[in-house]
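The values are calculated or read from the model by the stated rules, or taken from the named source; none is laboratory data. Everything quoted here is computed from the prediction, not taken from an experiment. Here the Cβ positions follow ideal geometry from the backbone for every residue, glycine too, while neighbour counts run over all protein chains shown. When the accessible area is computed, the model is the full protein with side chains, heavy atoms only, and any ligands, DNA or RNA have been set aside. Shrake-Rupley method; radii C 1.70, N 1.55, O 1.52, S 1.80 Å.
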Amino acid sequence: MSLQDYSVTRSSPAARIAALCALVGLALLIAAPWWAGRADLRLMGELFLYLSLASLWNLMAGYAGLVSVGQQAFVGFGGYMLFALTMFAGLHPLAAIALAGVLGALVSVPVAVLIFRLRGAYFAIGTWVIAEVFRLGFAQVSALGGGSGSSLPVAIVKSLASKRAMREALSYWLALGAAVLVIATIYLFLRSRKGLALTAIRDNELAAGSLGIDIWRTKFTVYVVTSAMTAMIGALIFLQKLRISPDAAFSVNDWTAFVIFIVVIGGIGTIEGPIIGTLLFFALRETLADLGTTYLIVLGAAAIVMMLKAPKGVWGLIRARFDLQLFPLGYRVVKRAEHKGQNG
């Protein structure tokens with residue numbers, strides 16, 4: 001037995017099968033407007049948007065250690081930028097969504113400089129305070145409806161497509177595209193050198209700093225990128241809703257509490273976790289929604305049980321039991337004969 005008997009690889013049979021299934025599933029989802037009903041399209045579009053928010057929050061908290069309870073600040077900011085840019089700047093909604101992301105990144109820079117002075121629970125509280133400042137600030141903008149909010153003008157809505165069915169299909173495709181873009185961006189980022197540095201920071205921040213990794217800059221980059229993409233998702237959310245108000249745009253319950261639940265129950269610090277968590281969350285919501293406040297109690301109880309019994313989430317249980325990794329990030333040492341068998 002020698003070194004020549006082994007090789008280093010990132011791939012695995014499970015990952016290749018998962019990639020093939022994902023491509024087939026993506027093709028079916030792209031064709032959904034031709035086989036799914038209107039209600040199903042809306043539900044799946046909402047699912048994709050929550051998946052995007054959960055994946056972005058997981059990147060911050062699960063990898064960078066930035067536990068934020070104020071990401072609704074950028075959801076609401078993106079939504080309001082969509083309305084402002086389309087109503088007052090005359091931009092097409094698709095251009096407004098892209099520009100909302102750019103503006104979200106710019107706004108996140110001074111916010112990051114401010115709240116990065118805080119640590120732990122103080123950081124989490126600081127993000128929530130920033131979100132409240134955003135909410136109170138936009139509530140004072142009378143041109144956007146003030147505290148009561150505003151609806152997107154019909155002419156802007158029809159600029160997407162003249163027929164309602166086509167507009168709903170386009171909104172669905174945008175939500176699906178956003179989810180694919182977010183997951184692909186996170187996956188490629190974590191496989192890059194910056195992603196390796198981020199993983200090292202997550203595992204041991206002190207050791208990572210001693211190896212020359214710029215911890216502040218790495219976390220700052222993650223925060224800005226996450227905020228920009230969250231703002232774009234926020235714009236997509238309110239493009240679907242066609243109406244915005246401060247309380248809806250900056251709801252900590254809708255855009256942060258549910259997102260944290262998704263990540264916790266699915267598995268924090270993994271790409272697969274938010275995917276599973278989103279599916280479980282929507283399954284619970286559709287099953288228990290008629291129970292009223294009991295539904296929220298069940299969600300809270302499920303989250304507590306999961307944190308106590310399986311702190312790594314559902315995906316953590318699956319990975320420990322079957323040694324699966326559908327999104328391979330790290331390298332593995334395998335026997336060369338095994339590696340050839342995998343590639344064969």
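Below, the figures for the structure above:
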item	result
Over region 1-143: Rg over Rh, Cα atoms, Kirkwood Rh	1.11
Counted charge near Leu51, where neighbours are those whose Cβ lies closer than 14 Å (Asp, Glu -1; Lys, Arg +1)	-1
All aspartates and glutamates inside 18 Å of Lys312 as judged from Cα atoms, apart from same-chain residues fewer than 8 positions distant	Asp203, Glu272, Asp323
Where chymotrypsin sites (Phe, Trp or Tyr not before Pro) fall in DSSP loop in region 71-169, at most 14 other Cβ within 10 Å	Phe88
Loop trypsin sites (Lys or Arg not before Pro), region 134-191 (other Cβ atoms within 10 Å of the site Cβ: 10 or fewer; DSSP)	Lys163
Accessible carbon and sulfur surface of the chain relative to its total accessible area, %, 1.4 Å	68
Helix 93-115 vs. the chain, principal-axis angle (Cα, 0 to 90°, nearest 10)	70
Chain lengthening between Thr185 and Asp214 when straightened (0.36 nm per residue, less Cα-Cα)	8.3 nm
Cα-based helix-to-principal-axis angle, 164-191 vs the chain, degrees rounded to 10	40
Pair Val141, Lys241: separation of 7 Å Cα→Cβ label points (nm)	1.4
Paramagnetic reach from Glu132 in region 235-269 [backbone N under 15 Å; point 7 Å along Cα→Cβ]	247, 250-253
Solvent exposure, largest accessible area first (probe 1.4 Å, DNA, RNA and ligands not counted), of Ile262, Ile297	Ile297, Ile262
Residue-level accessible surface for Lys241, protein heavy atoms, 1.4 Å, Å²	110
Whole-number accessible area per residue in Å² for region 6-108, which is evaluated in the context of all protein chains at 1.4 Å	39
Net charge of Cβ neighbours under 14 Å - reference Val314; Lys, Arg +1; Asp, Glu -1	+3
At most 16 other Cβ within 10 Å, DSSP loop - trypsin sites (Lys or Arg not before Pro), region 9-114	Arg10
Simple spin-label estimate for Leu114 and Lys309 in nanometres, 7 Å along Cα-Cβ	4.2
Inter-label distance, nm, simple model (7 Å from Cα along the C-beta direction), Ala165/Arg38	1.1
Prolate/oblate/rounded label for region 258-333 (Cα gyration tensor, a/c 1.5)	prolate
Rounded to the nearest 10 Å², the accessible area of Ile271 at probe 1.4 Å	10
